[in-house]
Amino acid sequence: MEKNNFICRIISPGDKSLWDNCVRFEYDIFVESRYIKENPGKKIPSYDQYDHSLFLALFLENNRKVEPDIAGLMRLFYAPPSADKMGEGLFPSFDLYDRAKLYPEKLEMLLRLNPGEIINVGAMVVKKDFRTNECFMKLQEFYCKFCCENRYLYGLVAIENLHLHQVLKTIFNVIDIGPSNILFRGVPSVLVILDIFDQLAEAGMDLKSVSKKNSLWYNIFGRLRLERSKGA
């Protein structure tokens, strides 16, 4: 089988043509997956209130096209600079969850985190023809690189696919914020935090500049992985 050549791009609302294509691609997959019903606006209504998002898009390389075909993408939501504490109105995965069903101690931990260091994966959608390990791993690689370059320490994700939940545990340190049977978009799911600290370390970041009090693992276990690797 011929290997696909992918192009990774960050798409912001300023790239209007590509942005509109990504919004429509995301919408079509959501309708196909029955997460939402069709609507005249051809977009996801629950995302309308959030104006702080971008797409990590994976395009299929094709030199014959001005705008190559989208193979898959992630919609990422980030906190605006004015947000000084975790709360409602910042991340859809947090706002749309029934927080009464989350683990109280883990929810308390999440609320203590700096929202400026959180990136919420609102959606990861892939075209049927490209739902392979190759495409999935390329998106994960792109996501890790983006987080490292922009110093995001935590990923907030609602995962409907329990197999994907297990796969992510082989890539990240995954902390479940609640059980795996809470309905999200009409299907059972689990809300998790991805600890990206390891990816920062592997990328050669200066971890001394990462605040000890903001470390996810410090908040959970009362210590920071950085302390364990000082002699390395």
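Taking segment 54-69 as the range and being modelled with pLDDT of 90 or more and either in contact with a Ser or Thr (Cβ under 9 Å, 6 or more places away or on another chain) or part of a loop (DSSP other than H, G, I, E, B) (or both) as the test, the residues that pass are Leu54, Phe55. Might you let me know whether segment 83-91 holds any residue that is outside any loop (DSSP other than H, G, I, E, B) and crowded, with 18+ Cβ neighbours inside 10 Å? Within segment 83-91, none of the residues are outside any loop (DSSP other than H, G, I, E, B) and crowded, with 18+ Cβ neighbours inside 10 Å.
The condition of being surrounded by 17 or more Cβ atoms within 10 Å (Cβ to Cβ), within 18 Å of the chain's Cα centre (by Cα), closer than 21 Å to Arg185 by Cα and modelled with pLDDT under 90 holds for only one of Tyr50, Tyr97, Tyr78, that being Tyr97. Six or more apart or on different chains, Cβ atoms under 6 Å: show the pairs whose first residue is in segment 27-40 and in a helix (DSSP H, G or I) and whose second is among the basic types (Lys, Arg). Listed pairs, sorted by first residue: Tyr27/Lys42; Tyr27/Lys43. Residue under question is Arg75, and the condition is that it be among the basic types (Lys, Arg), under 20 Å from Ile159 (Cα atoms) and touching a helix residue (DSSP H, G or I) at 6+ places or on another chain (Cβ under 7 Å); does it hold? Criteria met by Arg75.
Looking only at segment 150-157, decide whether some residue is surrounded by 13 or more Cβ atoms within 10 Å (Cβ to Cβ), modelled with pLDDT under 85 and more than 28 Å from Ala71 (Cβ to Cβ). Checked segment 150-157: no residue is surrounded by 13 or more Cβ atoms within 10 Å (Cβ to Cβ), modelled with pLDDT under 85 and more than 28 Å from Ala71 (Cβ to Cβ). Does Ile118 qualify as being under 23 Å from Ile11 (Cα atoms), surrounded by 14 or more Cβ atoms within 10 Å (Cβ to Cβ) and in contact with a helix residue (DSSP H, G or I) (Cβ under 6 Å, 6 or more places away or on another chain)? No.
The values are calculated or read from the model by the stated rules, or taken from the named source; none is laboratory data. Since we're looking at a predicted model, the values are computed, not measured. All Cβ positions, glycine included, derive from the backbone under ideal geometry; neighbour counts span all protein chains shown.
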